[in-house]
Every structure is written in C-alpha cells, then in structure tokens.
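The structure under discussion appears below in the form of structure tokens.
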Amino acid sequence: MTITCPECGAEFQLDSIEVGEIIQCPECGVELEVLETDPVKLALAPDEEEDWGE
Amino acid sequence: MIDQNTEQTTPVTTAELLRGLVEIPSPSREEGPAVEWLCQQMESLGMTAHADGAGNAIGIKGSGPIEIMLLGHIDTVPGFFPVEVVDGALYGRGSVDAKGPLATFVVATAQASLPDDVQVRVVGAVEEEVMSSRGAHWLIDNADRPDAVIIGEPSGWDAIVLGYKGSVSFIYKIEQGMAHSAGKEASAGQVAVDFWNRVTDWCSQQNGELEPGFKTVDATLNSFNTESDGLTASAVIRGNLRLPPGLTPDEAIEAISELSGEGDLEFTVNAPAYRCEKRTPLVSAFNASIRQAGVTPRTKVKTGTSDMNLVGPVWNCPMLAYGPGDSQLDHTPNEHVMIDDLEHATQILTRVLERVAKTFSQAKSEANTNG
C-alpha cells in the first residue's frame, strides 16, 4: 500500500501495517504511529520522555 | 483459533490482589511468604503455579509452544508501613515498585483469552532490588527464551518504557604515609578529590553538550571518607556510573582505571544499558490498546536499571516495561498507586496479551503452512 508522510509529503510503499505500529518515513526519517488502516491515518509518534526510577 | 480458557474460580480485582500482596512484607531475600501466597492466588485464578529453583513465583496460563513472559518482581526495598486505602489510592511498600505491575500481570493474564498454541508465564522474581538479581539470573540460566517479554515496572498506565541505562559501581581507595598539612605533599583526601574531579571531567568530555539524561554518562558520589591512625592516612570514595547505550561497562571501567593514579579501584558491574526495538508487535499492541482507553500513549526511557538490563541482551526478543504507578514514588514512605490506574492498566494489558498472542499464533500458522 502507498503511505503518504504527513510531515514531508513523501510517498512510500509498505506491504502491510497495523494499528499502533510505528513506521519511519524513508525520506525525512520521522517516526509515525498508525492510527487507522482503512483508510490509513497517521500521526507523528510521540517524543520519548525521560524518567528515573527502578 | 481462540479457546475458552477464561474460567476463573475466584474473581478478583487487581486492587484486591495488590492489597493482599503488599500486606505481606517481602524485602529482598525474604520473599518466601509472599511467593507462597501469590502462587495460591494464581492457582485460584485458574493458572498453574509454583516456586522455581530461585524461589521466583511462577504462574502459567496455557501450554502452547509460543511463550509471552510477564517478568515482574515480588521483592521490595525495606521499610514496611501500614497498608491503607485513602482517597482512591492504595498505600503500601511495593504498591508501585513493583507489586502493582505484578498484580496487574496476574489479573490480566487470568482475564485474557488465548489461542491454544500460546502460553503466558507470569514471574514474580526475587532479589530484583539488590545487586544479586538472583531471580533474573536463574531465568537466564534455566528458562527457555520467550517469544516476547513485558517487564513489570511502573511506567504509568498510559506509557511504556523502552530502555534503561546501565550501571557500574566502584570503590576507590588511596592510602599513604601521614604528611604535615603545611607541607607540599597532597593529603590522601586531596588525592581522592583530584581523582573524583578527573572522573567528572571525563564524564563531561563524553557528554559534550548533552543535558544529563538517558544518553549521557553520569557519575554519582555515594560516599567519601578519610581516616588516619597517625602514621598512615587513607581516603575512600564509593561512586557509581550510569551508562548510556553505546558505552559498555568494560569501556567505562577501562576509562576510569586510567584515571586512578596511585589509588586502587574495585568495580562491580551492575548491568549494561539496554534499549528495546520500537517496531515490534508488542509496542504496536500497547499503542493501540492505550489509545483504546482514550488517551495518547507515551514512550519513556529511564535512567535507572531493571531486570530488562539483564534479560534483554540475552533473550533479544520483543520487549518493553509496563505497569501502573508513578516511579517517582519508588522506595519512598509515601509509596502509593491509584486504584483507577490499576484497573486501567489491567484492561490495557488484557487487550495487549490477546492481540500479541493472536499475532504470534497466526504468524506461526502461516509459517507452518508455507513450509
């Protein structure tokens, strides 16, 4: 299927995706979370937070 | 193919199970009574349960060849205080670190509907809070490599943890003959301070412009003592280095050793840093399940250590840490977890287990079909 990066607009192909999956745009390198698959809806994956403990 | 293996003989909420668990003190090396009680509870929930060779509490649901391990720990730091529920929060030693996550593991596993070829193994490991990490080491030496692992630590019910820093402890000791304080020779204390300054300078050089955090190497001075008997003087520093991914304990030891001058150094490797793969069925399932609960999933890395540091490099399978609770309450006399958070986490984890089990089961079926 054809994916369009919401950040840079690049189009790229993936065999399959699933809800919750983190994918990476091969053009701009941004990480994207798959919110829906039919139709495909993507969002920027949240930035990693730093925490302490354990 | 989903079977109907969800019958429970004793329905229980996560909060009820957690309350029972924190009411039994279980500081490291004194976990026996809590392990015995938890095994009884897991059996009453339809799981098979036993204590393994290390004394870890083991509860198993299903018997298939695909294994999802939920690796929590049942020991706590010392400091028992009365268990109580106040304003929707359950107070007690270990309620956050990490009996809350462990209770969540047990109830979610009991609730989850699993394919026939998948088993979920819940582990309440012993001695996670002390250097020995006996429970995790026993699993590394004796258990089969699981197909996926969830480490039971407090990430917060809406977050997952994908990495922990490494840790090396050291003891520096300098001993020399007494010298007059008005003389030119540096005192033992001064020599030790100079060594410590070289250590922190080395850390600064490694870190460059980075703010202290997951990607930096950071030194902590745990203690500094000097003494003299009138003939000789000595100084001892006990310190710790928190290591980022990419800096191995051996590399750190080599670098610090070169800074020691006339002093002697002893090192203890606690664990290397470990960073989980982000693109796995496990992460996908958590993202989707947390969103299903109505919030945006968060991803964390932590500057502490956990059993992930030990089993991660050995098993090298899809892995992350998850559990309800605020880790800033770890080890404090104010340790508590919100009961609502326990229930959120339990429902999220139940959905995760069902989805991941189905994903692995289908992948195996397809692999068998394709030869």
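The values are calculated or read from the model by the stated rules, or taken from the named source; none is laboratory data. Note that the structure is predicted; figures quoted are calculated from it, not measured. We place every Cβ from the backbone using ideal geometry, glycine too, and count neighbours over all the protein chains shown. These accessible areas exclude ligands, DNA and RNA; they are computed on the full protein's heavy atoms, side chains included. Shrake-Rupley method; radii C 1.70, N 1.55, O 1.52, S 1.80 Å.
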With viscosity set to 1.567 mPa s at 4 °C, what whole-number translational diffusion coefficient in µm²/s follows for segment A:2-44 from Stokes-Einstein and a Kirkwood radius over Cα pairs? 128 µm²/s
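Let me confirm one metric for peptide A:15-24, namely the mean number of other chain beta-carbon atoms within 10 Å of its residues' beta-carbons. Don't skip to the end; give the middle numbers.
On the way: counts 0, 0, 1, 7, 8, 15, 9, 8, 2, 2.
Per residue, the number of nearby Cβ atoms from other chains is 5 on average.
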Pop out the ³J(HN,Hα) list for segment B:333-342 in order, Karplus 6.51 cos²θ - 1.76 cosθ + 1.60 with θ = phi - 60°, rounded to Hz; leave Gly and Pro as x. x, 9, 4, 7, 9, 6, 5, 4, 5, 4
Return the calculated 222 nm mean residue ellipticity for chain B, to the nearest 500 deg cm²/dmol, obtained by summing -39500 (n - 2.57) across DSSP H runs with n ≥ 4 and dividing by the residue count. -10500 deg cm²/dmol
Treat every Asp and Glu Cβ in segment B:45-161 as -1 and every Lys and Arg Cβ as +1, leave all other atoms uncharged, and give the resulting dipole magnitude about the Cα centre to the nearest 20 debye. 180 debye
How much accessible surface area, in Å² rounded to 10, belongs to the heavy atoms of B:Lys300 with a 1.4 Å probe? 20 Å²
Expressed as a whole number, the average count of other chain Cβ atoms within 10 Å around the Cβ atoms of B:273-285 is 3
Projected onto the charge dipole of chain B (+1 at Lys/Arg Cβ, -1 at Asp/Glu Cβ, origin at the Cα centre), which of B:Thr350, B:Cys203, B:Gly261 gives the Cα projection farthest towards the positive end? B:Thr350
In whole Hz and in residue order, list the ³J(HN,Hα) couplings for segment A:16-29 that follow from phi through the Karplus curve 6.51 cos²θ - 1.76 cosθ + 1.60, θ = phi - 60°; x for Gly and Pro. 7, 9, 9, 4, x, 5, 9, 10, 10, 5, x, 8, 9, x
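Compute the Rg to Rh ratio over the protein assembly as shown from the alpha carbon atoms, using the Kirkwood formula for Rh, and round to two decimal places.
Details: Rg = 24.2 Å, Rh = 23.3 Å.
Result for the protein assembly as shown is an Rg/Rh of 1.04.
Could you give the alpha-carbon Rg of chain B over 2.2 N^0.38 Å, rounded to two decimals? Kindly include the intermediate steps, with their values, before the conclusion.
Numbers: Rg = 23.3 Å, N = 371, 2.2 N^0.38 = 20.8 Å.
Normalised Cα radius of gyration, chain B: 1.12.
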Zone of B:Leu231's modelled label, taken as backbone nitrogen in segment B:163-182 under 18 Å from a point 7 Å along Cα→Cβ: B:175-180
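With charges only on Cβ, +1 for K and R and -1 for D and E, what is the dipole size of segment A:2-44 about its Cα centre, in debye, rounded to 20? Each step should come with its number before you reach the end.
Values: 1 positive and 10 negative charges, 19 e Å.
Once rounded to the nearest 20, the dipole reads 100 debye.
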Treating the angle as unsigned and between 0 and 90°, give the value, to the nearest 10°, between the Cα long axis of helix B:32-44 and the longest Cα principal axis of chain B. 20 degrees
Loop only by DSSP, 16 or fewer other Cβ within 10 Å of the Cβ. Give me the GluC sites (Glu not before Pro) in segment B:165-217 that pass, ordered by residue number. B:Glu185, B:Glu209
Rolling a 1.4 angstrom probe over the protein chains, ignoring ligands and nucleic acids, what is the accessible area of A:Asp38 in square angstrom, nearest 10? 140 Å²
In whole angstrom, how far apart do the alpha carbon centroids of segment B:22-81 and segment B:206-262 sit? 36 Å
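Looking at the calculated P(r) for segment B:66-114, what percent of the C-alpha pair distances fall above 12 Å? List each step's numbers first, then the result.
Values: 807 of 1176 pairs.
Pairs farther apart than 12 Å: 69 percent.
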Using a Gaussian network for chain B with springs between C-alpha atoms less than 10 Å apart, which of these wobbles most: B:Pro212, B:Pro154, B:Pro281? B:Pro212
Given a 1.4 Å probe and the protein chains all in place, what does the accessible area of B:His344 round to, in Å² to the nearest 10? 80 Å²
State the Cα centre-to-centre distance between segment B:309-371 and chain A in whole Å. 21 Å
Would you rank B:Trp315, B:Trp138, B:Trp157 by solvent-accessible area, highest first, keeping every protein chain in place and using a 1.4 Å probe? B:Trp138, B:Trp157, B:Trp315
